[in-house]
Amino acid sequence: MLTAPQIARLIEDGLKPNAADPLSIVPLPSLPELKQSHNASVDLRLGNWFLTMRENRVSELSAAGPEEQWSESQLTKAHYIGFGDKFVIQPGGFALGVTLEWIRLPKELGAYVVGKSGWGRAGLIIATAVGVHPRFSGCLTLELSNVGTVPVGLHPGVAICQLFLHSVEGEQQEEARQSKFSGARRPRLGKIELDDVASRLMHRGPPTLPLFGESWTI
């Protein structure tokens, strides 16, 4: 795991004209504060876009859902909240948010996102899909869930989460597979999809389990 001063130095190196595979965070965090910090993360701020579900449009979301495919615009409603205004999540409510910062990770760094403890103690869960793969670029989508008992008001621009960076061991491919969420500036719902194994299990039923020490393929 990288310390905050190490993160600051990598960001500075990425600002140089000859930087080939930089770590970038835009807008820039305060590099002097990071260099003097004893932490091992960098704070990220809440952006202006939110996404909520249109509950009356679909009965359920499932990887094995009906053949009829709903578009994201039919399933969700986008909200732009200006600086100085707030987005309120009611108890039991859920919304997708986005970071204010645009992130770019080089091939030798991975990351994960953790909500700041103050928000967690207020009942707000910040991210349930916390991993960020090497070579990701874009604004990070935040899964915002209020598990508390009182409404939570969210103001764009507030520090909402922490980004922890770690090195990736082993040989890295020059052309890594890009995440389907790379390049996003707004939160996106995405799709829940069956992989090959799950698809075969659904159509064939559960296979006979192997004896201890044996293996099986589907």
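None of the figures in this text is laboratory data; all of them are computed from the coordinates on show. Remember, predicted model here, so these are calculated numbers, not experimental data. Please note: Cβ atoms are built from the backbone with ideal geometry, for glycine as well, and neighbour counts cover all protein chains shown.
Express in whole angstrom the spacing between the alpha-carbon centres of the stretch 24-56 and the stretch 132-165.
Centre-to-centre (Cα) distance: 8 Å.
Arrange the following residues from fewest to most other Cβ atoms within 10 Å of their Cβ: LEU109, LEU31, LEU15.
The order, fewest Cβ neighbours first, is LEU15, LEU31, LEU109.
Say each of SER199 and TYR112 gets a label point 7 Å from the Cα, pointing the same way as Cα to Cβ; how far apart are those two points in nm?
Here the modelled spin labels are 3.0 nm apart.
Can you give the net charge of the other residues whose Cβ lies under 13 Å from the Cβ of CYS161, counting K and R as +1 and D and E as -1?
It works out to a net charge of -1.
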